[in-house]
Every structure is written in C-alpha cells, then in structure tokens.
Amino acid sequence: MEVSLGKPLEGVRILDFSALLAGPFCSMILAELGADVVKIEVPGRGDHVRSMPPHFIGGMSAYFAAFNRGKRGLALDLKREEGYRVFLELVKKSDVVFDNFRPGVLERLKADHAALSPINPRIISASVTGYGLTGPDKDKPALDLIIQARGGIMSFTGEPGRPPVRMGVPMGDMGGGLFAAHGIMAALYQRERTGRGQKVDVSLLDCQIYLSAYRAQYYLTSGEVAQPMGTGHASAVPIGAYRCGDGQWIVLDAILQHFWEALCGALGRPEWREDPKMADRAARLAHRALVDGKLAEVFQTAPAAHWLDRLAAHGVPSGPIQTIDQALSDPQVLAREMVVETEHPALGRFRTLNTPVKMEGTWGAAPGPPPQVGEHSAEILREVLGMSDGEIARLKERGVV
C-alpha cells in the first residue's frame, strides 16, 4: 500500500509579521509547501495592501490575494502586555518568526532573536529588508523600484538608447522573497543537525546584486559595464524577438551551434551555415547587426504560426510572445495545474495561481485562500495554546486580539 508523503513542510509553524510584498511572497511559498503560516496583523488594520486597487475579490484586494494564499490570520496587538504574553507562548510552540520590518523594530517590540532564543532555543528568526540588518544604509526605506534601480539591473533592461525600464513584475521584491524562503528552509534543515535556531538576514539589494550573475562577473573580470540590449544577449547571437509577416512577435534562442544549424534549416537558408560571418558563435557575435537583420527579413515573409511550426519541426527553441490572458490559458500551463480554483468561506470561489514546485505532497493540491484580518484568531489560540472560549472572548473584549 502506497503511503502519501504529505507536503514537505507540514508541522512547521511560522509566525509571520511581514506585509507588502517581499515578506508575504516568501511566507506564501512556505505555506504552499505545507508550513502553517500564521499571518500576524494589528487588530482592525491589517496589511497595507489589503486595500490595494484596482481589482478586488469580494472586498479583498487581488494584489493582496496574490501574495497571501494558504495562510491563517491572527490579529494580535504586541504593544499590549497581554498580547505580548500571547506572542511569547506562540513562540514556544513555533519554528520561525519572520518579518520585513526595518532594523530595530523587532528590538523595540522585544521580538528579536536575542529576546526569543532563551524562550525557544530552536526558534529561527528571519528578516527580509531593503538593505539588510548591517551596513551604512540599513535604516533607509526601500521598495521594489528603488532596489531594481540601485541593484544595477534596471540600467541594462530595455532597448538601447531608451530610458531605463522597470521589470514587468516586481523582481526586486520577489527575488528577495525567494531567497528568504531558501534561507529559512536551509536554517530548518541545519537545525535538524544542530538542534538550535539562528538568525536569517536577507537584503533585497544583496539579492539583486546576486541576480545580476554573469553581467556582474563580466564587469569583475573585464571591466565591461552592461548596457541595454532589448531581448538580445551579450554573449550570443541570435537570441531575441522577431516580428513576423502578420505583425505577431516570436522569440528564439539559438545560443548553441547545433541550434544555429537547425535554425538555418528551418528558415530555408542552409548556406548561412558556411557563411564566414555567421558560421560560428564568434563570427555571429562580431556581426550581430548583420545576423539580426537577415533574420528580421526572413521572418517578415510569413506569419508567426508558420515560423513557429517550422522552428518546432527543426528543434529550435522558440515560442510566441503571449499576453497574460494567453499565458494563463496555455494548454501546457493548464496541464501543469498552474491555474486553480480555491474557496474562501466569506469571499466564495475564485481562480488563482498554484505552486510551481511539483512534489508528491503538492501535486494536485490547490492552495488555501488568503485570510481576512484575524480570521483564524480563535482557532489558533484554541488549537496552539489550548485557550478556552472564555479566555479568548476576554482578549477580544480588551482589543488584544
């Protein structure tokens, strides 16, 4: 009899103070992998992006819903003595305390690692901030656009000769969220060997620098400063977007020699394989404008569907440039269950995205809905701390929860 493994992070409890984007994205990733993420918000107020326009699901911002799936909501006022005591009791029975406050806020709340470790030596304290917990700019505010700009990537994103371009999704924030989830899981794994928790410090700026990858390495190696190249690539030709005869755009990537040779066949230009200006990678790189110009001419002679069929038949990596509605209805995307339905008891059923991490415990499991402010307060206090209904009612009366 086959036994289900369940979700990989089942049994892990995360007390999540994060708001806006980077932090909630991180904790949502962990929730989708099975962690019990308890989103702690100030009673009556909640996360600022709950009211982010322009689209709403039964009164809840679609923006908020995009980054808070699968969590439970606890409204708790840590500035009240009773609220702080409740928090400490939760810490004793949790694995991670996570925040994206500016440095110093947790210390003022007495919720930093130095304060919590004596209570629970296994607790992991994780923070994702604009500039990290150290350095001369640690106290400065920073949101996605500022991080994209300061991290350098924005300077070489877009078309040559045009103003710098912000990436189409908030990768300054989302990159930090991804690395924070990575760091938390690494700390959980290390704790299994050491028995002790630790601090995890993730800077959005550090993450952007890390993601500059080979463009940073090129500069460190040769002094080359990256410049905008549109959809092109600094190290290979042809890679990019091409407009076809019907006005539709497609992309292809022939970075490897055998893909180039296949491309020549797909386009009916076998002689290009022997042309000294295009025969190998170095030649094509030296004659970038020539190669791109020839490709642009050929693609203008037939519609996109024709060329995509030809490229696929010859094994050339290629595809259409789809709009978001086309991407979300793509048969491959649907086959991978990336668009699913979830249901909220108050908001009803709605479609949302699923985790891209396919494992035995995650495949086919739709994510839970995002929580309302304090939606699960009584449930959490009863389940985790064993509080009675009377105790919970008294805390509610005093505005603690």
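What follows draws every value from the coordinates through simple rules; no lab data is involved. Keep in mind the model is a prediction, meaning the values are calculated, not measured. Here the Cβ is made from the backbone with ideal geometry for all residues, glycine too, and neighbour counts use every protein chain on show.
Which FRET efficiency value, to the nearest 0.05, do you get for residue 229 and residue 346 by plugging their Cβ-Cβ distance into 1/(1 + (r/R0)^6) with R0 = 41 Å?
The pair residue 229/residue 346 has a calculated efficiency of 0.30.
List the aspartates and glutamates whose Cα sits under 17 Å from the Cα of residue 294, skipping any in the same chain fewer than 8 residues away.
Excluding near neighbours in sequence, the set is 253, 261, 271, 274, 275, 280.
Only loop residues by DSSP count here, and only those with at most 16 other Cβ atoms within 10 Å; note down the trypsin sites (Lys or Arg not before Pro) in the range 237-300 that meet that. Walk me through the numbers on the way to the answer.
Values: sites: 243, 273, 277, 281, 284, 288, 294; in loops: 277.
Counting only loop positions with at most 16 other Cβ atoms within 10 Å, the trypsin sites (Lys or Arg not before Pro) in the range 237-300 are 277.
For the range 292-355 and the range 223-262, what is the separation of their Cα centres, given in Å?
18
Which entries in the list 7/396; 71/93; 92/396; 7/110; 140/396 go over 28 Å, if you measure between the two C-alpha atoms of each? All intermediate terms of the calculation are to be shown ahead of the outcome.
On the way: 7/396 33 Å; 71/93 17 Å; 92/396 22 Å; 7/110 33 Å; 140/396 36 Å.
Correct reply: 7/396; 7/110; 140/396.
For the pair residue 258 and residue 42, how long in nm is the line joining their label points, each one 7 Å along Cα→Cβ?
Label at residue 258, label at residue 42, 6.0 nm between them.
With both bridge residues required to lie in the chain, what share of the DSSP beta bridges run antiparallel, to the nearest 5%? Don't jump to the answer; show the numbers that get you there.
Working: 16 of 36 bridges.
Here the antiparallel bridges make up roughly 45 percent for the chain.
Which FRET efficiency value, to the nearest 0.05, do you get for residue 285 and residue 89 by plugging their Cβ-Cβ distance into 1/(1 + (r/R0)^6) with R0 = 56 Å? Don't skip to the end; give the middle numbers.
Numbers: r = 63 Å, r/R0 = 1.12.
For R0 = 56 Å, the calculated efficiency reads 0.35.
Quick check: the angle from helix 171-194's long axis to the longest principal axis of the chain, C-alpha only, nearest 10 degrees?
The angle comes out at about 60 degrees.
Using unit Cβ charges (K, R positive; D, E negative) and no other charged atoms, how large, in debye to the nearest 20, is the dipole of the chain about its Cα centre?
Dipole size: approximately 760 debye.
What whole-number distance in Å separates the alpha-carbon centres of the range 155-214 and the range 49-70?
23
Work out how much length residue 269 to residue 243 would gain on full extension: take 0.36 nm times their residue separation and subtract the Cα-Cα distance, in nm to one decimal.
Numbers: separation 26, 0.36 × 26 = 9.36 nm, distance 1.82 nm.
Extra length available between residue 269 and residue 243 comes to 7.5 nm.
With no solvent and one point on each alpha carbon, what is the Debye value of log10 I(q)/I(0) for the range 32-158 at q = 0.20 Å⁻¹?
So the normalised log intensities work out to -1.32.
Evaluate the Kirkwood expression for the hydrodynamic radius of the chain, namely the inverse of the mean inverse distance over all pairs of different C-alpha atoms, and round to one decimal in Å. Spell out each step's value before the answer.
Working: mean 1/r = 0.0414 Å⁻¹.
It is 24.2 Å.
Rounding to the nearest 10 and keeping the result within 0 to 90°, find how far the Cα-based axis of helix 213-222 lies from the longest principal axis of the chain.
60
Which of the trypsin sites (Lys or Arg not before Pro) found in the range 31-77 are in a DSSP loop and have at most 14 neighbouring Cβ atoms, other than their own, within 10 Å? Intermediate results must be reported in sequence, preceding the final value.
Working: sites: 39, 45, 50, 69, 71, 72; in loops: 45, 69, 71.
When the trypsin sites (Lys or Arg not before Pro) of the range 31-77 are filtered for loop state and at most 14 Cβ neighbours within 10 Å, 45 remain.
Considering only C-alpha atoms, what is the centroid distance from the range 132-146 to the range 365-397, in Å?
For the range 132-146 versus the range 365-397, the Cα centre distance is 34 Å.
Residue-wise, which Karplus ³J(HN,Hα) couplings in Hz belong to the range 20-28, taking 6.51 cos²θ - 1.76 cosθ + 1.60, θ = phi - 60°, and x for glycine or proline?
In residue order, the calculated couplings are 6, 10, 4, x, x, 5, 4, 5, 5 Hz.
I need the phi-derived Karplus couplings for the range 226-241: 6.51 cos²θ - 1.76 cosθ + 1.60, θ = phi - 60°, integer Hz, Gly and Pro marked x.
With the stated coefficients, the range 226-241 comes to 4, 10, x, 9, x, 9, x, 10, 5, 10, 7, 9, x, 9, x, 9 Hz.
In a Gaussian network model over the chain where Cα atoms closer than 10 Å are linked, find which of 176, 11, 130 has the largest mean-square fluctuation.
Residue with maximal mean-square fluctuation among 176, 11, 130: 11.
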